[in-house]
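J.: I have a structure I would like to understand better, so I am pasting it below and will then ask my questions one at a time.
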Amino acid sequence: MVESSQNENIEILTYSEVEEVGGYIGNFEVKIRKKARLVDLEKCTGCGTCYQKCPVKVPSEFDMEMGMRKAIYVPFPQAVPNVPVIDKEHCRMFTKGKCSICQKLCQADAIDYEQEDEIIEDKFGAIVVATGYDLFDASVYGEYGGGRFKDVISGLQLERLINPSGPTGGHIIRPSDGKEPKNVVFIQCVGSRDVEKGRPYCSNVCCMYTAKHAVLLKEHLPEVQTNIFYMDIRSPGKNYEQFVQRTMEQFGALYIRGRVSKIYQRGDKLIVKGADTLAACQVEVEADLVVLATGITARHDSKEVATTLGIPYDEFGFFTELHPKLAPIETVISGIFLTGACQAPKDIPDTVASASGAASKVAAIFSSDRMSMSPLVSTIDTSVCSMCKACMEVCPYSAIQEEEITLRDGTKKKQLTVLESVCHGCGACVSTCKSSCIMLRGMTDEQIFDELMAVAQ
Amino acid sequence: MEGDNVYLPHVMKIEKVIRETQNIKTFHFNFKDESQKSKFSFKSGQFAEYSIFGEGEATFCVSSSPTRMDYLEFSVMKAGKVTAAIHELQEGDEIGFRGPYGNWFPLELLEGKNLVFVGGGIGLAPLRSLIWNVLDNRDTYEDVTILYGARSPADLSFKYDLEAWEKDDAVNMYTTVDNGDEDWTGRVGLIPPVLEEIGPSPENTVAITCGPPIMIKFTLMSLEKLGFTNDQILTTLEMKMKCGIGKCGRCNIGNIYVCKDGPVFTNAQIQNFLSNEF
Amino acid sequence: MENRLKEEAGKLLKEGKVDYIVGYGKGTVNLRTSPLITNKEEDLEGLVINPFIANNLSRYPVELKGRVGIVVKGCDSRSLTSLMQDKKVKREDLIIFGVPCEGVVDLKKLAGQIGAEIDRVTDAEKEGENLTLQVDGSKKTIPFRDVIFDKCYGCEHPTPLEYDMLLGSEVAPNLDIEKSLERIKELEGMDAQERWNYWKEQFSKCIRCYGCRNVCPACFCERCFVDVNMPQWVATYATWQDNLTFQLIRTLHVAGRCSDCGECERACPVGIPLRSLQRKMVEEVKDLFGHEVGIDKDAPPVFSHYEATDPDEFMK
Amino acid sequence: MEESNWEPKVIGFLCHWCSYAGADLSGSARLEYPHNIRIIRIPCSGRVDPMFILRALQNGVDGVLVSGCHPGDCHYQSGNFHARRKFAVINRLLKYVGIEPERVQFSWVAASEGPKMAQVIGEFVEGVRKVGPNRLFKDEKKDGE
Amino acid sequence: MGYKKIKKDQLKTLFNELSKDCSLFVPSGSKGYVGFDPWDGNSADFTEWYRNTTIPPKALFFPPVEAMLRFRKGEAGYEIEELLPNGRPQIVFGVRPCDARALKITDTLFSDTYRDPYYLTRRENATIVGLACNEPCDTCFCTSLDISPGESQDVDLLCSDIGDELLMEAVSDKGEDLLSKMSGLSEASGEEESKAKQLGDSAKEKITRQIDTSGLLDKMRSSFENREYWEDVSRKCMSCGICTYVCPTCHCFDICDENNKKDGKRVRNWDSCKFPLFTRMPMENPRHEKWRRIRQRYHHKFEYFQMNFETIACTGCGRCIRECPVNVDVTEIIGGIQAL
């Protein structure tokens, strides 16, 4: 992120939302709301005084609410730009109407409580969607405590605990009492491959991150015993299977094939009851810490994003690619590409590959002034069009637009036109047009009629 | 009685197809039944109903000269269903033909006169029938001036005729295009100003013009400027026709039926009824 | 009612709020009314509202350039709304005078009822539940409900749904769906072959005057599909095959737009029971997609959108 | 055509992405389906105009099969949803005017469903065979000139 | 020529007899509208209800669709087969005087300069039996056009309904011939003759609708440029073809080919100047606007036809008024022109 922020051809707009997308490939007209961070980007030097002195503490989202941040804060240490933002919901200036400590202390005079959202409207040649994913909310699993037990944490929470810049400075402790865990249980497929929870798909990354966690845990706390309840181990990536094997053999992780049916508290321990389907017996583990391998879900607002962009999404909210095998990066809208987990659960190598793919797709578009398109696109005979616009309504690509032309006698006339670069040639408009004034080239009524007459002979 | 059904077409054979421009083709055709040929005659300016069986009929003038009866010719601009089908025709194909219909250029009135032909685009088709007719009896007429124009060099039809007339010392030939291209070394300009520039004298002269409506409109104005009276100007009109014989009710302008009373009119006649409807 | 309309319409014209008034005037044929379309105030004296206002005027604003004050009955108002959905008229360009409608007299039925042709009737007036007539000089009274169009028995919205001014008080629907669908039910009772033969016979009469199409407010195309000749889907001449194909396609095109105003059937000079096709489709569209025509002017036309849950059982 | 050796002639409008591919697959899988069907490939079932169906029947074709991607699988996102609305109405109308339901069939067949395509075509052709030659648009008598 | 009469209850027998060696057409309402249908041997009670047909008798001579020729492509190319109407004699019974006049009007058109063999063959083979009007409709205005509901010189044979009997009078040789072939007739008395005349006169009086044809030609000419007038009167028109198709004198047609290159027919079918497509050419259309088409229709009938054939192409049958879905009324339009 730091590197790309320094590239002169890249402008990063953080804390911003895309509000409207119009136009078409090569000419997208995008309206972006740059939200007011109440800190002047230009003036701020990133000295950090403000957030050191801010009196308001709020659970840190980045640390999965296991640590605290201030009301004026930088979301995470490597954030770009390294400029804090004021959280209006908690800032005393906004909750109580007075404080302004940060403003007074800021030597750069960068704090501006009055700052307003900025709207940017610009043209772009292509759009890459990389909006990522949300973590599955494991609290729907009543059998795992439904969020009641402090020591049942998610994989990502463990990740923060292990991290040197995390809330505990890299010290792995139980959230409940701060003791080091001795016996840790991992549960796989939480919110993955579970039809009942509406998540029939595999989240792709959990098997491997769990294995990694088991290894890291053992490295940090050599005394620890890791127990991993799993359904199947999915490790098809390069060297992945070997890694899992090492986790078992070298790092002593105990893999138990089976589901956990119940977790309950006994004293300061968590009793994990489950099945070992290979041994065909019930197992009960007395754990200090339980880590749930929570799966990947689509972003909570992915449907709104899809609607803004005009791209389709599947039943889970992941954006749909043009073709699952042959066009995994493209969307139905030419010039809009997908990358990363917004399309489907992906691990890092897959994400990097698809990001590189998207980047090169964009580069390919930008490398020439002209594009070659399929000739199978619709055209409108405007002289007989009655402007009911039914074609516009059924076009899945918004390829039909209204334009105003000036006639020879100077009068203006509104008419419809097909954006050839956007049209995919499905022909839905053609059969919707009652007067056949929109026609799909290469698949015209005349051609079909002739075929039909020939076949009927 | 056999043979008096005016709606029955002769079957004609296409003998040659000439691509004139992007969307204009000329067809040489002849009677399939040779015995019919001797009974057939027509005059310059007349038109006929041509048909592609299974598609329908369309109206075009006979563009060859009655002085040259080896074969007949017609020229077609691709514009609709039937003309598109006609453009698919190949040598040896058969078409229906009934006619000739309508009136013709009054040759007897042109005798001993200077003739100025002004044609635009495919409008040269009816004129060329008359031009060849005149040139084949060259001595009967005085000066012959031909002005032909098209939008671009690629849109010039009947290039072989233009060439022949160019070479003919007895013809004053002028060709012009609205817009030239790299290879075009000829005249560039719209027909009416070019006509004014040539400036034919109205003295003992008849002007015969045919072309798209907008060109006709301005050509008539130019001729007027040059001193031509309405009686000295002949033109042919085009209207949608179906029967060709004054019954189907389409081509009337006022009580004049273009098919039956025309298509050749003097400007005096046209001024009389044209302002009415258009 | 009439006076109020004249007054208000006059005001609209005078104040330049509309360019045209589209209403009903007295016809030149006994009992009939005729569309009155005018931009002159003095013509407004001729405006009438009575039980004979058969025409659906909603087609006119599509053609007229400018703002229009228009008189509509219940069914007409739904045609008008449907035209708004199809973007052929704009609500803001219209001042709508709604006429709550208790039914419109079907003159053919009336002739049948009195056993004489309509030109024998010199005077007709609705009095309560009855229609009082002067036939050949003598007074005759017949129940009003007996002489209204079949469509009126199936009218669920006799009071216009969209209006700026309601002329009179709302009328509650007086439904007799069975009577309205009588002919359709009869046809449905036949077997496929009989039905086909029935329509074949009906469309052998068709002379392709396009009266049905041209009076239909849902037929707003600049160019009708029958007038397309590349390719020639339907022959332009009248054979029963092409007549039937034409009408079937037209039926599909107006399905979801047809408000069952019955104008097609009324216009048909050769008496083809076109409503039996159109009304049937009104029922089908309602049954399939829950779509009622002309209810919501802001909704997309029924075939411009879809639901993932649309009926599917007919698919294999 | 001789009545005795009449074979149904049916037309299939198959969408390029699913049903046509399905038919292709059934072919490459060496599955058999009746040769009675002539397939016209269209980009999407949403391209099908009711005119195609009526014109085919008017020209004496014995049956028309229209097939596209399963709902939700449309290559063009929504083409088959729009098509389904139209088909539903066409289906009801044709039945109402007395066209045997066996003559016009709509189906969803995915690219992977080679066997289903073969089965749909097979059943359809058998259905058409049962109702016999299409005489719907035939004139009973010659022109009464 | 003397008057004959026949009892109405004898008509059925007469019709059965006549239809033996010719095609007999009588008014019938069995199809849901009134038209001339081939005699079906059933009921001749039309005299009880018949006023006029919806579709005029022109349809029998100039049918809505007729095959003109057949083309077939064989080994040796195209062959053309002429499809003329068969020469079977035809009797049309019950033609009203207005429609009989209309046939005379279309006769002039179809025989002018080029003979139209299809129309004329049928006409030559037909005998028109007229039926005088006792009960004209309120849409009738034939008297304004020199037509009398009670008499006609345009038919071959004229019948008048005098109660229980039809009075018959031969008007032409054809009529004379037909009359001589009819059985079951008896001589009519002078009294009955005058009764018929009286009924005709009273019918004439019943006709109140009228147009004023005096000086109309000039008025038409000067109204041509009055765009405002034509726009006003055309505003409610729906551009359908009903008025032209039910008009007994409208004769516009189109010629089309069956869509089959190998073996098809060329057909002629009714067309209407009310349709924008009628005069549309690829690049332009002289009558694209509705008011131009309306103007063309009335000018054609009341001006051009009169100029070319010395008669107005309207007989006052009133069909266009009756059948128009929006009640466009020719008498109103002509009245308006006279009042300009």
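Only the coordinates and a few stated rules stand behind these numbers; no lab work does. Note that the structure is predicted; figures quoted are calculated from it, not measured. So basically every Cβ, Gly included, is an ideal-geometry build from the backbone, and we count neighbours across all protein chains shown.
J.: Excluding residues fewer than 8 places away in the same chain, name every one of the aspartates and glutamates whose C-alpha is closer than 15 Å to that of residue E:181.
T.: Leaving aside aspartates and glutamates fewer than 8 places away in the same chain, those within reach of residue E:181 are E:17, E:21, E:156, E:169, E:173.
J.: Take the stretch C:107-147, drop everything but the C-alpha atoms, weight them equally and run the Debye formula without solvent; then report log10 I(q)/I(0) at 0.22 Å⁻¹ to two decimals.
T.: Results for the stretch C:107-147 at q = 0.22 Å⁻¹ read -0.60.
J.: Follow-up question, since we're still on this one. Along the Cα→Cβ direction, 7 angstrom out, place labels at residue B:109 and residue A:402. What is the inter-label distance in nm?
T.: Using points 7 Å along Cα→Cβ, the separation is 5.4 nm.
J.: In whole Å, what are the extents of chain B along the principal axes defined by its C-alpha atoms, from largest to smallest?
T.: Projected onto the principal axes, the Cα atoms of chain B cover 54, 45, 36 Å.
J.: If you take all C-alpha pairs in the stretch A:182-272, what percent of them are over 15 Å apart?
T.: So the portion of pairs separated by more than 15 Å is 61 percent.
J.: On to the next question. Which listed residue (A:332, B:244, A:50) has the Cα farthest towards the positive end of the charge dipole for the protein assembly as shown, taking +1 on Lys and Arg C-beta and -1 on Asp and Glu C-beta about the Cα centre?
T.: A:50
J.: How big, in percent, is the set of alpha carbon pairs in chain E lying more than 36 Å apart?
T.: Summing the P(r) of chain E above 36 Å gives 25 percent of all pairs.
J.: Right, something else. Positive end of the charge dipole of the protein assembly as shown (Lys, Arg +1 and Asp, Glu -1 on Cβ, about the Cα centre): tell me which of A:342, A:358, D:36 has its Cα farthest that way.
T.: The Cα lying farthest towards the positive end belongs to A:342.
J.: Another question about this same structure. How much of the DSSP beta bridge set in chain E is antiparallel, as a percent to the nearest 5?
T.: 75
J.: Also, quick follow-up: Unpartnered cysteines of chain C (Cβ-Cβ under 4.7 Å counts as a partner)?
T.: C:101, C:152, C:155, C:206, C:209, C:221, C:224, C:258, C:268
J.: Hey, any idea what the orientation-averaged projected area of the convex hull of chain C's Cα atoms comes to, in nm²?
T.: Its Cα hull, projected and averaged over all orientations, spans 18.3 nm².
J.: What share of all Cα pairs of the stretch E:177-274, in percent, falls into each consecutive 10 Å distance bin?
T.: All Cα pairs considered, the percentages come to 10, 16, 24, 21, 19, 9, 0.
J.: Other chains near C:188-196: what is the mean number of their Cβ atoms within 10 Å of each residue's Cβ?
T.: Partner-chain Cβ atoms within 10 Å, mean over residues of C:188-196: 4.
J.: Related question: Going by alpha carbons, how many degrees (0 to 90, nearest 10) lie between the helix axis of D:79-97 and the longest principal axis of chain D?
T.: The helix D:79-97 is inclined about 20 degrees to chain D.
J.: Hey, another quick one. What does DSSP give for the stretch D:10-131 in terms of the percent of beta bridges that are antiparallel, rounded to the nearest 5?
T.: 0
J.: Give me A:60, A:383 ranked fewest to most by other Cβ atoms within 10 Å of their Cβ, as a rough exposure proxy.
T.: A:383, A:60
J.: So how do D:124, E:305 line up by other beta-carbon neighbours within 10 Å, fewest first?
T.: E:305, D:124
J.: Determine the dipole magnitude for the stretch A:133-297: charges of +1 sit on the beta-carbon of Lys and Arg, -1 on that of Asp and Glu, nothing else is charged, the reference point is the Cα centre, and the result goes in debye to the nearest 20.
T.: Taking the Cα centre of the stretch A:133-297 as origin, the dipole is about 140 debye.
J.: Ok, one more. Please list, or write none, the lysines whose alpha carbon is within less than 20 Å of the alpha carbon of residue E:73, excluding same-chain residues fewer than 8 places away.
T.: B:13, B:32, E:261, E:262, E:265
J.: Give the percent of DSSP beta bridges with both residues in the protein assembly as shown that are antiparallel, rounded to the nearest 5.
T.: 65
J.: Taking the dipole about the Cα centre of chain D, with the C-beta of Lys and Arg at +1 and of Asp and Glu at -1, give me whichever of D:136, D:119, D:16 is farthest to the positive side.
T.: Checking the options against the dipole of chain D, the answer is D:16.
J.: Additional query: To the nearest µm²/s, what D does Stokes-Einstein give for the stretch A:133-297 at 4 °C and 1.567 mPa s, using the Kirkwood radius over alpha carbon pairs as Rh?
T.: It comes out at roughly 82 µm²/s.
J.: Kindly provide log₁₀ I(q)/I(0) values, in the same order as q = 0.09, 0.14 Å⁻¹, from the Debye equation applied to equal alpha-carbon scatterers of chain A.
T.: With no solvent term, the Cα-only Debye profile gives -0.80, -1.33.
J.: Still on this model: When a footprinting reagent is the concern and you count Cβ atoms within 10 Å, what order do E:239, E:202 take, fewest first?
T.: Fewest-to-most ranking of E:239, E:202: E:202, E:239.
J.: Mind checking the log10 I(q)/I(0) for chain D at q = 0.16 Å⁻¹? Debye, one equal scatterer per Cα, no solvent, two decimals.
T.: Summing over Cα pairs of chain D leads to -0.82.
J.: Straight-line reach from residue A:262: which aspartates and glutamates have a Cα under 20 Å away, not including same-chain ones fewer than 8 places off?
T.: A:137, A:143, A:151, A:194, A:196, A:232, A:276, A:284, A:286, A:288
J.: Restricting to lysine pairs 8 or more places apart or on different chains, what number in the stretch C:1-81 have Cα atoms under 17 Å apart?
T.: Count of close lysine pairs: 12.
J.: Just to be sure I understand the model, the point goes 7 Å from the Cα along the line to the Cβ. What's the resulting residue A:31 to residue E:194 distance in nm?
T.: Once both label points are built, they end up 9.3 nm from each other.
J.: Taking the Cα atoms of the stretch B:107-236, report the difference between the largest and smallest coordinate on each principal axis, in whole Å and largest first.
T.: Result for the stretch B:107-236: principal-axis Cα extents of 42, 30, 23 Å.
J.: Let me ask you something else. Explain nothing, just the number: dipole magnitude of the stretch B:107-236 about its Cα centre with +1 on each Lys and Arg Cβ and -1 on each Asp and Glu Cβ, in debye rounded to the nearest 20.
T.: 360
J.: Could you work out, for the protein assembly as shown, what percent of all Cα-Cα pairs fall into each 20 Å distance bin, beginning at 0 Å and stopping at the bin that holds the largest distance?
T.: Going from the shortest bin to the longest, the percentages are 8, 26, 31, 20, 11, 4, 0.
J.: Treating only the Cβ of Lys, Arg, Asp and Glu as charged (+1, +1, -1, -1), what charge dipole size does chain B show about its Cα centre? Round to the nearest 20 debye.
T.: My answer is approximately 840 debye.
J.: Please tell me which of these pairs span more than 24 angstrom C-alpha to C-alpha: A:57/A:96; C:109/D:138; B:260/E:104; A:123/A:389; B:78/B:247?
T.: C:109/D:138; A:123/A:389; B:78/B:247
J.: Using Cα centres only, tell me the gap between the stretch B:1-67 and the stretch A:1-76 in whole Å.
T.: 79
J.: Could you please state, rounded to a whole Å, how far the C-alpha centre of the stretch C:185-208 is from the C-alpha centre of the stretch A:242-285?
T.: One Cα centre to the other: 74 Å.
J.: Student exercise: in the stretch C:155-296, how many lysine pairs 8 or more apart or on different chains have Cα atoms under 20 Å apart?
T.: The number of close lysine pairs in the stretch C:155-296 is 6.
J.: Binned at 5 Å from 0, what are the whole-percent values of the Cα-Cα distance distribution for the stretch A:36-116, short to long?
T.: Values per bin, smallest distances first: 3, 16, 29, 27, 18, 6, 1.
J.: Output needed: Cys residues of chain B lacking any neighbouring Cys C-beta below 4.7 Å, sorted by number.
T.: Lacking a cysteine Cβ partner under 4.7 Å: B:61, B:210, B:251, B:259.
J.: Give or take rounding to whole Å, what are the principal axis extents of the alpha carbon atoms in the stretch E:216-339, in descending order?
T.: 57, 33, 31
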